[in-house]
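Peer 1: Input: one structure, supplied below.
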Amino acid sequence: GENVEQHPSTLSVQEGDSAVIKCTYSDSASNYFPWYKQELGKRPQLIIDIRSNVGEKKDQRIAVTLNKTAKHFSLHITETQPEDSAVYFCAASRVADGLTFGKGTHLIIQP
Amino acid sequence: NAGVMQNPRHLVRRRGQEARLRCSPMKGHSHVYWYRQLPEEGLKFMVYLQKENIIDESGMPKERFSAEFPKEGPSILRIQQVVRGDSAAYFCASSLAKHYGYTFGSGTRLTVV
């Protein structure tokens, strides 16, 4: 089955700086890669996703890049703000399978 | 559209009791997924259902756990004879179609005492 590794487990950045979270996956057949943001005690919320026919996708301050050859994908948050503080999960899946999630990255934005 | 509704939000059960967790998907969504989240962990896939059918239950423990999504009514995750290790947050998600972007419910936090 699929195995997703996520790094780092904790990331602390100064407000206004950029944050990058990286994930690798094992199943070359995976073709869907979403990112979720989970605030303490709340539901995971989809913030951006990418499919395997696209290398990069951007939505305002958030971008995701995908390297299918190397089997890794990354989340980039620019101009970080205090409300970006949360746990971020990457995930991967292929047709007929449920999502396999990484263990999460606790992002801390320092004022 | 009220989103994915899960209830109860919190559930306390004694060891050996049964836990029933309910999930109503978003209107129009026929794909339902259940995930378990242990403290400080990511979400682990349990089961994927479409109306009246279990599509993939590869993440579900073989004993004590079952899931259904009847033609009418919510999806139910049932845990029989609960043990302390079942304590976790259980999230349900639904989607319009496969890979169309899940929407998660607020979760049910099960505590086994």
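The values are calculated or read from the model by the stated rules, or taken from the named source; none is laboratory data. As the structure is a computational prediction, the values presented were derived from the model and not from experiment. Here the Cβ positions follow ideal geometry from the backbone for every residue, glycine too, while neighbour counts run over all protein chains shown. These area figures cover heavy atoms from the full protein model, side chains too; ligands, DNA and RNA do not enter into them. Shrake-Rupley method; radii C 1.70, N 1.55, O 1.52, S 1.80 Å.
Peer 1: Give the separation of the Cα centroids, the range A:10-34 to the range B:76-113, in Å.
Peer 2: Distance between centres, Cα-based: 24 Å.
Peer 1: To continue, here is another question. A:ALA70 versus A:SER12, label points 7 Å from Cα toward the beta carbon: distance in nm?
Peer 2: Spacing of the two 7 Å Cα→Cβ label points: 2.7 nm.
Peer 1: Now for a separate question. Quick one: give the max-minus-min coordinate of the C-alpha atoms of the protein assembly as shown along each principal axis, largest first, in Å.
Peer 2: In descending order, the Cα extents are 49, 37, 34 Å.
Peer 1: Next up: Mind checking the log10 I(q)/I(0) for chain B at q = 0.11, 0.14, 0.15, 0.18 Å⁻¹? Debye, one equal scatterer per Cα, no solvent, two decimals.
Peer 2: With one equal scatterer per Cα and no solvent, log10 I(q)/I(0) is -0.31, -0.50, -0.58, -0.84.
Peer 1: Compute the relative contact order of the range B:18-78 as a whole-number percentage, counting only Cα pairs closer than 8 Å that sit 6 or more residues apart in sequence.
Peer 2: The value is 34 percent.
Peer 1: Non-local amide H neighbours of A:LYS103 (under 5 Å, H modeled in plane, Pro and chain starts lacking H): which ones?
Peer 2: Here A:GLN6 satisfy the definition.
Peer 1: Return a whole-number percent for the relative contact order of the range B:50-101, with Cα pairs under 8 Å and 6 or more residues apart as the contact set.
Peer 2: Details: 36 pairs, mean separation 13.2, N = 52.
Result for the range B:50-101 is 25 percent.
Peer 1: Calculate one ³J(HN,Hα) per residue across the range B:48-57 by plugging θ = phi - 60° into the Karplus curve 6.51 cos²θ - 1.76 cosθ + 1.60, and present them in order as whole Hz with x for glycine and proline.
Peer 2: Karplus values, whole Hz, x for Gly and Pro: 10, 10, 10, 3, 6, 10, 8, 8, 8, 10.
Peer 1: ³J(HN,Hα) across the range A:24-38 via Karplus (A = 6.51, B = -1.76, C = 1.60, θ = phi - 60°), whole Hz, x for Gly/Pro?
Peer 2: Computed from phi, the couplings for the range A:24-38 are 10, 9, 9, 8, 5, 7, 4, 9, 9, 9, x, 10, 10, 10, 10 Hz.
Peer 1: Also: Mind grabbing the accessible area of A:HIS72 for me, 1.4 Å probe, Å², rounded to tens?
Peer 2: Accessible area, nearest 10 Å²: 70 Å².
Peer 1: A follow-up question, please. Return the aspartates and glutamates within reach of B:LYS27: Cα separation strictly under 16 angstrom, same-chain partners fewer than 8 residues apart disregarded; answer none if there are no such residues.
Peer 2: Result set, ordered by chain and number: B:GLU72.
Peer 1: Additional query: Let me check against my output: what whole-number percent is the relative contact order of the range A:1-75, with C-alpha pairs under 8 Å and at least 6 apart?
Peer 2: Value for the range A:1-75: 27 percent.
Peer 1: For chain B, set up a GNM with springs between Cα atoms under 10 Å and report which of B:ALA88, B:ALA97, B:ALA67 has the largest fluctuation.
Peer 2: Largest GNM mean-square fluctuation: B:ALA97.
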